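Student: I'd like to ask some things about the structure below.
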Amino acid sequence: MYLQMTPRTRITYEELEMVAVPEDVPEFGIEAGTMGTIVTVYDGGRMLDVEVSRENGTTVGFVDLEVGEDGSLSLVAYTPIHSR
């Protein structure tokens, strides 16, 4: 009897791709599902640095997202951009 192993397909992300922020970030005034642009993929593809912008194109801030084995995203940290 042989056990067949199905290869696991890992979802990968690339810089400049658009992704949805998975959780509300009240400090940014954004809700879950708001789209952001991947600026950096690091930690072997397990972490994403994502820029979140307003509709007029100004940057609100950055969120760090962790990529799960199934490709799901979870919020790890955020950094607001303060405008004067």
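Student: Within a 10 angstrom radius of the beta carbon, how do D24, D64 rank from fewest other beta carbons to most?
Tutor: On the way: D24 14, D64 17.
Result, fewest neighbours first: D24, D64.
Student: Shape of region 14-72 from its Cα gyration tensor (a ≥ b ≥ c, root eigenvalues): rounded if a/c is under 1.5, otherwise prolate when a/b > b/c, or oblate?
Tutor: Working: a/c = 2.18, a/b = 1.54, b/c = 1.42.
The shape class here is prolate.
Student: Moving to a separate point now. Kindly provide the GluC sites (Glu not before Pro) of region 30-63 that DSSP labels as loop, not H, G, I, E or B, and whose Cβ sees at most 12 other Cβ atoms within 10 Å. Before the final figure, lay out each step's value.
Tutor: Numbers: sites: E31, E51, E55; in loops: E31, E55.
Answer by residue number: E31, E55.
Student: Quick one: length gained pulling A20 to A77 fully straight, 0.36 nm per residue minus the C-alpha distance?
Tutor: On the way: separation 57, 0.36 × 57 = 20.52 nm, distance 1.49 nm.
Net length gain for the segment: 19.0 nm.
Each reported figure results from applying straightforward, stated rules to the coordinates on display, with no laboratory input. Just so you know, these numbers come straight off a predicted model, no measurement behind them. Positions of Cβ are generated from backbone atoms using ideal geometry, with glycine treated the same way; all protein chains shown enter the neighbour counts.
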